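Have a look at the structure below before the remarks.
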Amino acid sequence: MDMSLHPLAQSLHEAGALDPYFDMPMCDPGQDGWSKATDLFIGNSARLKELAMTYGQERWGTTNNHVAASALLIAYLTRLVYPIVIQYVLRRRLPKATLENLAFHRSGGVIDATGLRQPQFAVLPNDPAADHPDAEVLGDEGNLYQRLKEWVFAANIELVIEALHHSVPASLKVSQNAAAVAFAQAFHRLYYLVDDKSSVLRDANAFFNDSSSPLYGQVSIEIIEHQGRAGLFGRRAGCCLIWRTRESDGYCSNCILRPKDEQTQLFREMLVRMR
């Protein structure tokens, strides 16, 4: 079939029309430039370390192992987490984003695209695409969230963090916090794009308050209001160490090393700039 007519491809494309970060392409690993995600994160420790250090140098001008791994992890998760979050929150659809079902496109030594190898997805019974052969129909929202933890956390992010820990090597705590912040940024971005902001806040709280989730305790979600505008922001519970690199001009706005009132003021300034 024409892949553009596939229900998952359509909903991802519609999300990408709101913001390109929320799209994720389908791919053919046999095409030039594409390779299986497992080949990088599972199959070759030396290559993974080399790629992490490339990201550390190019993004933040550092050879610090932990920061370099964060640079790679953030680049990877931005392409992964944003599409997952918007499909889950707005459509109650879940692409099968296991590490085995992903492929990377590389150019100039870095990853420039992340794609799904197979267009499989999970849905609820009332989804219009529930009868599609690529759809797994789950009983309720609790089942869908459990599948998210199985596919996205256990079969993807946790494997990637462990691989970085052994290969680079990178701090587990720093990488776990970087992963949580990627989710917080996705919710932050989505909050501005939708009318039903309560659903974004509800799901963000569910993600970060679940004690069985790897995101638990890493970020605290808060709604900041200022001059008639409101935004969803995440305050970090850990440090990414970016401030120690030569490319840094200080602490991040949500850095744990900043006093809370300074963070809040910076959040308010962001709201003003978004007018």
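The values are calculated or read from the model by the stated rules, or taken from the named source; none is laboratory data. Keep in mind it's a predicted model, so treat the numbers as computed, not measured. Ideal geometry is used to build each Cβ from the backbone, glycine not excepted, and the neighbour counts take in all protein chains shown.
What the table below lists for this structure:
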| quantity | calculated |
| --- | --- |
| Residue satisfying condition, being part of a loop (DSSP other than H, G, I, E, B) and touching a residue at least 24 places away in the same chain (Cβ under 8 Å), within set Cys239, Cys255 | Cys239 |
| Enumeration of residues in segment 237-268 that are charged (D, E, K, R) and modelled with pLDDT of 95 or more | Lys260, Asp261, Glu262, Arg268 |
| Count of segment 152-191 residues which are touching a strand residue (DSSP E or B) at 6+ places or on another chain (Cβ under 7 Å) and either surrounded by fewer than 23 Cβ atoms within 10 Å (Cβ to Cβ) or closer than 19 Å to His66 by Cα (or both) | 5 |
| Looking only at segment 218-236, and only at residues there that are among the small types (Gly, Ala, Ser) and either at pLDDT 95 or above or part of a strand (DSSP E or B) (or both), the one that is farthest from Arg147 (Cα to Cα) | Ala230 |
| Segment 176-211, subset within 23 Å of Ala163 (Cβ to Cβ) and among the polar types (S, T, N, Q), residue modelled with the highest pLDDT | Gln185 |
| Those residues of segment 178-203 which are in contact (Cβ under 8 Å) with a residue 24 or more places away in the chain and over 21 Å from Cys240 (Cα atoms), in sequence order | Leu190, Tyr191, Tyr192, Leu193, Val194, Lys197, Ser199, Val200, Leu201, Asp203 |
| Positions within segment 203-215 being of a type outside the set (S, T, N, Q) and surrounded by 15 or more Cβ atoms within 10 Å (Cβ to Cβ), in sequence order | Asp203, Ala204, Phe207, Phe208, Pro214, Leu215 |
| Within segment 99-112, considering residues that are surrounded by fewer than 19 Cβ atoms within 10 Å (Cβ to Cβ) and out of contact with any His (no Cβ under 8 Å at 6 or more places or on another chain), the one nearest to Ala135 (Cα to Cα) | Glu100 |
| Some residue of segment 7-29 being more than 20 Å from the chain's Cα centre (by Cα) and farther than 24 Å from Val137 by Cα | yes |
| Residues of segment 242-252 classified as in contact (Cβ under 8 Å) with a residue 24 or more places away in the chain and either loosely packed, with under 15 Cβ neighbours inside 10 Å or assigned to a helix (DSSP H, G or I) (or both), total | 4 |
| Tabulated pairs, segment 77-106, first closer than 13 Å to Phe121 by Cβ and among the aromatic types (Phe, Trp, Tyr), second assigned to a strand (DSSP E or B) and at pLDDT 95 or above, C-beta under 8 angstrom, 6+ apart or interchain | Tyr88/Leu94 |
| Within segment 113-135, considering residues that are surrounded by fewer than 16 Cβ atoms within 10 Å (Cβ to Cβ) and acidic (Asp, Glu), the one farthest from the chain's Cα centre (by Cα) | Asp131 |
| Residue within segment 222-236 that is closer than 30 Å to Asn44 by Cβ and surrounded by fewer than 15 Cβ atoms within 10 Å (Cβ to Cβ) present | no |
| Unmet criterion (only one of (1) among the hydroxyl-bearing types (Ser, Thr, Tyr); (2) without any contact (Cβ under 8 Å) to a residue 60 or more places away in the chain; (3) touching a Phe, Trp or Tyr at 6+ places or on another chain (Cβ under 8 Å)) for Ser35 | (2) |
